[in-house]
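J.: Okay, here's the structure, questions in a sec.
Any read-out appearing in this document is the output of simple, stated calculations on the displayed coordinates, not a laboratory observation. Since we're looking at a predicted model, the values are computed, not measured. Quick reminder, even Gly has a Cβ in these numbers, built from the backbone with ideal geometry, and neighbours come from all protein chains shown.
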Amino acid sequence: MNRRLSRILFFAFVVAAACSYLVYRIAGRQMNAGARPQTAHVMVASRDLPLGTVIHEGDVSLGEWVGAPPKGVLVTKESVIGRGVVSTLYQGEPVLDSRLAPAGSGGGLAATIRPGMRACAVKVDEVVGVAGFVLPGMRVDVLVSGNTPGSNSNDGPKVKTVLQNIEVLSAGANIQKDNEGKPIQVPVVNLLVTPEQAEVLSLASNQTRIQLVLRNPLDTNTTKTPGIGMASLFSDGTPAAAKPRPAVMRKPLTAPIAAPPRVFLVEILNGSKRSEEKFGSADHQ
């Protein structure tokens, strides 16, 4: 009896140990699976890719992304090669579809222009370009200063804000030639404008002096400004006195000349007698 009981107890111990081991393995696998982060393979930049760069084979590579992949990330080289960069990509950064130009549009500045918009170049210097702080993606206002056509030359130049909340597309230098034909670098800022705004900007750059004013990108309000003239700067805030108008000499009014009275001649026949009588217009009435 004791021998049989010992066998039963030994068998029960073995079964319990085996079940405990199985439970431990299953629980361990589940814990390890839950602790292991989710990974995905996405396309990343192999080097810094500036704005306007056309992506080639060696510019991107397949990298491992820990966690949920970003929305719009590209995962194959075929979807990246040959497309232009519309927003600078840095080494190791995932390549998003929104950061590239549409397939077939090529690279360069033209690929970054949205449909219906135009890129208008403006020559700048350290003052006009806000001392180099005008960078792609920022917002500026465009001021013009000059003499108003048809105005009195004594009034001096005037300043007017012609465009507001304009996006800066690019900022850099273009190679142009001076009067002697030598190449020189000219700082240029390309602004993203509508066709109508491009006409205003082109006319202003040829006939007046342009000044760019940097603004907060979150400030999208536009303000109507009357402009200001040189004479207003020295008026101490008081309105300028109106210029006296030249006196106009008028002839004194004279009484109308009365028309002479009308005279009526009446011939009177009384038998053999004949006579004439004269009557005035007043007497006739």
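J.: Among Lys123/Lys160; Lys71/Lys123; Lys77/Lys123, which pairs are too far apart, with a Cα-Cα distance over 30 Å?
T.: Exceeds cut-off: Lys71/Lys123; Lys77/Lys123.
J.: Would you please give the residues with an amide H less than 5 Å from that of Val86, counting only those at least 5 places away or on a separate chain, with H modeled from the backbone geometry?
T.: Gly52, Leu100, Ala101
J.: How much length would be gained if the chain were fully extended between Ser275 and Ser145, taking 0.36 nm per residue of separation minus their Cα-Cα distance, in nm to one decimal?
T.: In short, 37.4 nm is gained.
J.: Tell me the net charge near Thr220. Cut-off is 13 Å between Cβ atoms, Thr220 excluded, with +1 for each Lys or Arg and -1 for each Asp or Glu.
T.: Around Thr220, the charge tally is -1.
J.: OK, next. Amide H neighbours of Trp65 under 5 Å, at least 5 residues apart or on other chains, H built in the peptide plane: list them.
T.: Amide H to amide H, under 5 Å and 5 or more residues apart or across chains, Trp65 pairs with Ala40, His41, Val42.
J.: Can you give me the orientation-averaged projected area of the convex hull built on the Cα atoms of the range 39-111, in nm²?
T.: 4.1 nm²
J.: What are the ³J(HN,Hα) couplings of the range 56-72, residue after residue, when phi is run through the Karplus curve with 6.51, -1.76, 1.60 and θ = phi - 60°? Round to Hz, x for glycine and proline.
T.: 10, 4, x, 7, 9, 8, 8, x, 8, 10, 8, x, 5, x, x, 5, x
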